[in-house]
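K.L.:
Okay, here's the structure, questions in a sec.
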Amino acid sequence: MSDFALNGPVGDGLRSGLSWGHNQILSQLKTSQQAQVNRVETPKPSNNVLFLSIEDLNDWVEPLGGHPDTKTPNINRLAARGMVFDAAFAAAPACSPSRTSALFGQNPWETGIYANNHEWPQFYPPGARKSLVGRFRDAGYETRGAGKVFHVSPDKFDFDDWTHFEQRPHEKFDRISQTAKTRGIGNNTDFGPMEDDQQLYDDYNTDWIIDQMKPQARGQFWALGLYRPHLPFIVPKRFFDLFDGDIADPPGLGMNRFDAYNMTAHKSLPDAGREIADRSGFLRRTLYKCNEYKSFIRAYLASIAYADDLLGRVLDHLEAAQLWQNTTVVLWSDHGWQLGEKLAFRKFSLWERALRVPLIFAGPDINAGHCDEPVSLIDIGPTLFSQMGMPCPKQFSGQDLSPVLRGEIIDGKKARLRRHVVSLWGANFTTDSPYIALTSRSKTHRYIFYWDGSEELYDHRTDPYEHNNLMFTPGDVAKDEIDRLREEHQRALDFELAEPVS
């Protein structure tokens, strides 16, 4: 077992000498990996779940404020009849650790699944139905899915979780943008319009899941994972045509106005923060050199509009098949996406744009409205179990949001949720010297603690786009107040880190 210390000015505020170490759950799961779970026939439930995930969708959706030019009429439509969590955050800004956390109900530091090359079958025994999907199948639901639900290659799918999972390969495109044609960028970072008559991966999967949603259905768990707006941002031209005027800068861009070589946006960042931002530096400079930054923004907005249109088809069918009365819908994204804020692109950081995501619940006995308390994607499982009248397995360490969905009053007050949501990111996870960064987000502040002991602190009441790092320029904030905030957030980061799975 290797040890590493979180060194720096924090001192005793964070535990020093944290070590990689599997928790008891890992040992129990590995012991049972070859064992089959005893299952009995259960009565078929009378309700349904529609589980909708959208890849790489940040908060550029209308119910969350988002980009001023974004167009998401169908997300609006779902939000109008459901509960919108305005402060929902991913446990990690990467697909595999975030999706694993949401689907298995445990944070990365509980499982050791920290990065995209860490896959959930390395921790949870395939065939044991430990995921949210498997739990619903054990409860008598027929589980049918298509698209990007779990983050794992098709040869590692756990088909025991599914009554049926539809598989279809992704399409391939010729390069469109000058950026993608630049040596070293590649097809996966391409963007631009395509002809409208080609059926895409997401089109096929949407049609398939709609076909599974039969009128009068009960005891069904339908999962649809939409891949766009994941790169490449290539969708039919009609969605680009929705954004044919001048595209506004991202709200979080600040005064920089995207000059790839103007490092003013990094002035208040510690070296570790600059290092994270600079990991996408080649893409940043290439977009700037090719004069395609605004085209890149337009392509992301078009990809969001395309995903929203597919969602609309699903909601139309839900209405036509008269399934709303017994179907609970949850819509979520695995993490956010940066488009030039702090000169950073993609996900892979602990700033707001990379972690804040849409999370909406709608259905029977769910109030319509907004909740501004911080919540995590690991709360999806406990909430669905509660809404469906199922016991929540101990494995799922999130909190049940059902009291919020029902508008319950507890002890004379609205249901109080956790005070902080914690997320993690870093690098070199398989070495004795991992680069670990942690963030704690409260209702009012974000605190980041990097592997070298450096820190960031932002007040979201006055600085929603995280331009002013109070650890660098405290301004009028008293030192005692900053110390109090640091201590408060550091307490939320006081936990053991599981050893990486590989």
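K.L.:
Mind checking which residues of the stretch 437-471 are buried (at least 20 other Cβ atoms within 10 Å of the Cβ), within 20 Å of the chain's Cα centre (by Cα) and part of a strand (DSSP E or B)?
P.N.:
Across the stretch 437-471, the qualifying residues are Ala437, Leu438, Thr439, Ser440, Arg441, Arg446, Tyr447, Ile448.
K.L.:
Can you find even one residue in the stretch 313-324 that is more than 27 Å from Gln199 (Cβ to Cβ), assigned to a helix (DSSP H, G or I) and not acidic (Asp, Glu)?
P.N.:
Checked against the condition, which is being more than 27 Å from Gln199 (Cβ to Cβ), assigned to a helix (DSSP H, G or I) and not acidic (Asp, Glu), the stretch 313-324 yields at least one hit.
K.L.:
Taking the conditions exactly as written (surrounded by fewer than 20 Cβ atoms within 10 Å (Cβ to Cβ), at pLDDT below 50 and among the aliphatic types (A, V, I, L, M)), does Ala5 satisfy them or not? Spell out how you get there, then give the answer.
P.N.:
Numbers: surrounded by fewer than 20 Cβ atoms within 10 Å (Cβ to Cβ): yes; at pLDDT below 50: yes; among the aliphatic types (A, V, I, L, M): yes.
Taking the combined requirement at face value, the residue satisfies it.
K.L.:
Any idea which of (1) closer than 20 Å to Phe348 by Cβ; (2) in a loop (DSSP other than H, G, I, E, B); (3) among the hydrophobic types (A, V, I, L, M, F, W, C) is the one Ala102 doesn't satisfy?
P.N.:
So the condition that Ala102 fails would be (2).
K.L.:
Still on this structure, I have one more. I want to confirm something. Restricting to the stretch 239-280 and keeping residues that are farther than 20 Å from Ala302 by Cβ and of a type in the set (A, V, I, L, M, F, W, C), which single residue is surrounded by the fewest Cβ atoms within 10 Å (Cβ to Cβ)?
P.N.:
Among residues in the stretch 239-280 that are farther than 20 Å from Ala302 by Cβ and of a type in the set (A, V, I, L, M, F, W, C), the one surrounded by the fewest Cβ atoms within 10 Å (Cβ to Cβ) is Met255.
K.L.:
Could you give every pair whose Cβ atoms fall below 6 Å, whose first residue belongs to the stretch 313-341 and is in the same structural domain as Gln212 (by TED's automatic domain parsing), and whose second residue is basic (Lys, Arg) and assigned to a helix (DSSP H, G or I), counting only separations of at least 6 or pairs across chains?
P.N.:
That search, which allows pairs on different chains as well, returns Asp334/Arg99; Gly336/Arg353; Gln338/Arg353; Glu341/Arg353.
K.L.:
Out of Ala354, Ala344, report the one residue that is in contact with a helix residue (DSSP H, G or I) (Cβ under 8 Å, 6 or more places away or on another chain) and not charged (D, E, K, R).
P.N.:
Numbers: Ala354 fails: in contact with a helix residue (DSSP H, G or I) (Cβ under 8 Å, 6 or more places away or on another chain).
Going through Ala354, Ala344 in turn, the sole match is Ala344.
K.L.:
Using the structure shown, decide if Leu350 is at pLDDT 95 or above, assigned by TED's automatic domain parsing to the domain that holds Asp59, in contact with a Gly (Cβ under 9 Å, 6 or more places away or on another chain) and in a loop (DSSP other than H, G, I, E, B).
P.N.:
yes
K.L.:
Do any residues in the stretch 459-480 that are over 9 Å from Ser268 (Cα atoms) and in contact (Cβ under 8 Å) with a residue 12 or more places away in the chain have Cβ atoms under 7 Å from those of residues that are of a type in the set (D, E, K, R) and part of a strand (DSSP E or B), where the two are at least six apart or on different chains, and which pairs are they?
P.N.:
His460/Arg446; Glu466/Arg446
K.L.:
Residues of the stretch 472-495 being closer than 21 Å to Val375 by Cα and assigned to a loop (DSSP other than H, G, I, E, B), which ones? Quick ask: steps written out before the conclusion?
P.N.:
Within the stretch 472-495, the first condition is being closer than 21 Å to Val375 by Cα, and the residues that meet it are 485-495.
Listed by number, the residues that qualify are Leu493, Asp494, Phe495.
K.L.:
Are any of the residues in the stretch 46-60 in a helix (DSSP H, G or I), buried (at least 24 other Cβ atoms within 10 Å of the Cβ) and either outside the structural domain of Lys214 (by TED's automatic domain parsing) or hydrophobic (A, V, I, L, M, F, W, C) (or both)?
P.N.:
no
K.L.:
Report whether or not Arg298 is part of a helix (DSSP H, G or I), buried (at least 17 other Cβ atoms within 10 Å of the Cβ), basic (Lys, Arg) and in contact (Cβ under 8 Å) with a residue 24 or more places away in the chain.
P.N.:
Details: part of a helix (DSSP H, G or I): yes; buried (at least 17 other Cβ atoms within 10 Å of the Cβ): yes; basic (Lys, Arg): yes; in contact (Cβ under 8 Å) with a residue 24 or more places away in the chain: yes.
The answer is yes for Arg298.
K.L.:
Let me ask something else. Of the residues that make up the stretch 209-220, is at least one more than 13 Å from Tyr306 (Cα to Cα), surrounded by 23 or more Cβ atoms within 10 Å (Cβ to Cβ) and in contact (Cβ under 8 Å) with a residue 24 or more places away in the chain?
P.N.:
Yes: one or more hits.
K.L.:
What about Pro382, is it modelled with pLDDT under 95 and either surrounded by 22 or more Cβ atoms within 10 Å (Cβ to Cβ) or not in a loop (DSSP other than H, G, I, E, B) (or both)?
P.N.:
no
K.L.:
Which helices (runs of 4 or more DSSP H) does the stretch 114-233 wholly contain that include 3 or more residues that are under 29 Å from Ile297 (Cβ atoms)?
P.N.:
178-181, 201-212
K.L.:
Exactly one of these conditions fails for Ala128: (1) more than 24 Å from Pro229 (Cβ to Cβ); (2) surrounded by fewer than 23 Cβ atoms within 10 Å (Cβ to Cβ); (3) at pLDDT 90 or above. Give me its number.
P.N.:
(3)
K.L.:
If you go through the stretch 390-398 one residue at a time, do you hit one that is out of contact with any strand residue (DSSP E or B) (no Cβ under 6 Å at 6 or more places or on another chain), in contact (Cβ under 8 Å) with a residue 40 or more places away in the chain and not assigned by TED's automatic domain parsing to the domain that holds Gln106?
P.N.:
Checking the stretch 390-398: not a single residue is out of contact with any strand residue (DSSP E or B) (no Cβ under 6 Å at 6 or more places or on another chain), in contact (Cβ under 8 Å) with a residue 40 or more places away in the chain and not assigned by TED's automatic domain parsing to the domain that holds Gln106.
K.L.:
Got a number for residues in the stretch 105-138 being aromatic (Phe, Trp, Tyr) and over 20 Å from Ser349 (Cα atoms)?
P.N.:
Selection size over the stretch 105-138: 4.
The values are calculated or read from the model by the stated rules, or taken from the named source; none is laboratory data. In this text the structure is predicted, and so the values were computed from the model without any measurement. So basically every Cβ, Gly included, is an ideal-geometry build from the backbone, and we count neighbours across all protein chains shown.
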